[in-house]
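Worksheet for the structure shown next.
The values are calculated or read from the model by the stated rules, or taken from the named source; none is laboratory data. Everything numeric here is computed off the predicted structure, so don't read it as measured data. Cβ atoms come from the backbone with ideal geometry, glycine included; neighbour counts cover every protein chain shown. When the accessible area is computed, the model is the full protein with side chains, heavy atoms only, and any ligands, DNA or RNA have been set aside. Shrake-Rupley method; radii C 1.70, N 1.55, O 1.52, S 1.80 Å.
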Amino acid sequence: KTMGDFHAYYSGRKVAPILTIMIGGNHESSNYLQELYYGGWVAPNIWYMGAAGVINVCKNIGTGENFHKIATLRIAGLSGIYNSHHYSLGRFEMPPYNKGSLRSVYHIRHVDVQRLKALGSTESINHQKPDASTNVNRTIDIMVSHDWPRGIAHHGDTSQLLQRKPFFREEVESNTLGNPASEILLHELRPRYWFAAHLHVKFEATVKHGNAENNSTDENVGSTAAPTLASGPSYSTTEFHGLESNEGVCPNSSNMETLTEQMTRFLSLDKCLPKRRHIQVLHIEGSSIDQVEKSGSTHDKQTTPWLQYDSYWLSVLRRTHNWSQQSQSKINIAEQEFVHNPVNSDEIEEIISRFQRALEKTNFSNAISTANPMAIPQNFAVTAPSYDSFNSQQTYYPPLPMCGNPQTDEFLKIMGLDHRITVPYTALAVPPPPSPELPQFLQGRSNSSPGLHQHDVVVDNEIELEDEEHPKGIDFTGVKEKMEGNHECLDDPAEIDLDDLGEDSDDGGGDK
């Protein structure tokens with residue numbers, strides 16, 4: 001294991017040059033992310049979606065005499081990877097972790113999947129308001145997960161995938177490659193785009209959703225039995241060639257809406273290494289463009305994108321707060337809660353009112369807009385000593401209990417909720433050792449220091465991609481036996497670390 005460079009962003013020595021949104025996978029600092037269970041800034045300009053979350057990315061795209069136009073992208077995220085042994089359990093893991101909880105802490109849970117499913121109810125779409133400050137439930141523009149939705153391999157160039165990753169063949173043919181819970185979300189939410197990673201190969205697919213009612217359920221996802229959709233791909237692969245109008249009218253955004261809502265375009269990229277297909281730039285139009293009256297705030301003049309809470313999602317979180325439990329037993333929840341009783345306008349208005357009152361109490365400090373209570377404040381805070389790469393005499397401390405995070409405290413206070421699987425923030429007793437190479441504003445900071453802001457530091461736009469040696473001709477003998485081994489040691493297919501397996505000798509970084 002080697003130290004990466006995230007500590008430079010956490011400490012403020014570097015700042016992400018563009019607004020960045022991330023989810024957790026299976027190689028992150030789980031104790032830190034667990035403190036931000038509902039989402040939060042992990043570093044200046046880097047937003048973590050939480051165990052599951054929905055946010056809106058907004059941007060001014062034009063102004064008039066008394067109004068400005070705001071385009072909005074609605075993004076949902078699911079952190080972690082699937083493991084059937086922990087899927088139905090509570091969030092029982094607490095640092096310092098043991099050998100088992102060190103891995104189970106990043107396994108997704110049924111509770112979080114059910115909350116995301118609430119966004120797919122037909123009734124929820126009817127609560128949309130033409131106002132960028134509320135952004136209540138539209139379609140999901142982008143879904144982000146770490147592992148792939150199960151079955152997605154059948155919706156792209158499967159033969160090319162198996163040429164690059166031949167050891168996927170058995171799982172592809174048995175339709176067990178990927179996350180069965182994400183598969184259900186794929187067909188329930190029908191996002192315009194789905195981005196994933198985990199399998200270290202670039203792969204594109206297009207899923208066409210039928211008009212018929214989706215018959216997928218969560219009934220067997222958390223067990224070792226074959227899930228509902230395990231018999232094979234249920235949806236045909238679609239290639240998009242164009243749209244022809246019967247009236248001889250060129251297609252535009254209005255008459256293409258029905259078609260695009262029926263399609264999800266999936267993209268997974270390779271590892272971030274030289275000669276690997278690890279980056280791709282996409283231009284995605286927002287699904288919502290709202291005309292908002294000018295308020296005279298800095299929000300009117302803002303040219304860079306900003307983030308907003310999603311009031312419908314927060315309504316789901318508030319209603320299901322009792323689902324969050326630390327139990328190591330199965331959590332029984334009402335799976336049809338939002339089918340029979342979807343979020344209503346009163347719940348949404350209550351959320352907005354709570355954030356409005358909170359904004360007024362702070363005298364609009366840290367606010368992006370005095371007119372928009374749902375705008376996410378820049379309230380990142382350093383809560384633990386940061387690794388100092390300039391100091392050759394590092395002081396290493398034993399694993400510490402969860403210290404909490406002031407961002408979580410503030411969020412729960414506004415929501416009127418208590419800590420159930422998180423803890424109130426307590427400043428650690430260990431101060432970060434000052435270093436002469438640290439920026440002046442970081443010298444002598446205590447752990448209870450206020451958040452760092454972009455104007456405090458110089459943005460470093462340099463991106464460093466370090467090379468990595470991979471063993472060639474890896475023998476995969478015994479991998480299957482390891483995957484089928486003792487469940488107590490958590491060595492199952494979802495836990496195979498592809499870093500340890502290396503790449504096949506003729507992979508060529510996926511550039512065949």
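Scan region 59-69 and give yes if some residue there is modelled with pLDDT under 95 and touching a Gly at 6+ places or on another chain (Cβ under 6 Å), otherwise no.
Step one: filter region 59-69 for residues modelled with pLDDT under 95, giving 59-69.
Now narrow it down to the ones that are touching a Gly at 6+ places or on another chain (Cβ under 6 Å): 69.
Yes, the conditions are met somewhere in region 59-69.
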Checklist entry - Scanning for something of a type in the set (Val, Ile, Thr), within 27 Å of residue 71 (Cβ to Cβ) and either at pLDDT 50 or above or open to solvent by 60 Å² or more (accessible area, probe 1.4 Å) (or both), does region 211-231 turn up at least one residue? => result no
Checklist outcome for this item: With criteria (1) open to solvent by less than 50 Å² (accessible area, probe 1.4 Å); (2) in contact with a Lys or Arg (Cβ under 7 Å, 6 or more places away or on another chain); (3) not small (Gly, Ala, Ser), residue 66 comes up short on (1)
Next on the checklist: Among the residues of region 102-125, what is the count of those that are among the small types (Gly, Ala, Ser), at pLDDT below 95 and either open to solvent by 10 Å² or more (accessible area, probe 1.4 Å) or under 21 Å from the mean Cα position of the chain (by Cα) (or both)?
Outcome noted: 3
Item to check | Conditions (1) at pLDDT 95 or above; (2) farther than 20 Å from residue 422 by Cβ; (3) open to solvent by less than 30 Å² (accessible area, probe 1.4 Å); number of the one not met by residue 35 | outcome: (2)
Checklist entry - Of all residues in region 275-296, which are of a type in the set (Val, Ile, Thr) and part of a loop (DSSP other than H, G, I, E, B)? => result 279, 281, 284
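Which of the residues belonging to region 323-363 are farther than 24 Å from residue 70 by Cα, in contact (Cβ under 8 Å) with a residue 24 or more places away in the chain and outside any loop (DSSP other than H, G, I, E, B)? If you could, list the steps in order and put the result at the bottom.
Our first condition is that a residue be farther than 24 Å from residue 70 by Cα; within region 323-363, this holds for 323-344, 346-347, 361-363.
Next cut, in contact (Cβ under 8 Å) with a residue 24 or more places away in the chain only: 323-331, 333, 335, 337-339, 342-344, 347.
Hits for region 323-363 are 323, 330, 337, 338, 339, 347.
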Checklist entry - Of all residues in region 11-31 being modelled with pLDDT under 95 and among the hydroxyl-bearing types (Ser, Thr, Tyr), which is most open to solvent (accessible area, probe 1.4 Å)? => result 29
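In contact with a strand residue (DSSP E or B) (Cβ under 9 Å, 6 or more places away or on another chain), crowded, with 17+ Cβ neighbours inside 10 Å and of a type outside the set (D, E, K, R), is that true of residue 80?
Values: in contact with a strand residue (DSSP E or B) (Cβ under 9 Å, 6 or more places away or on another chain): yes; crowded, with 17+ Cβ neighbours inside 10 Å: yes; of a type outside the set (D, E, K, R): yes.
Judged against the criteria, residue 80 is a match.
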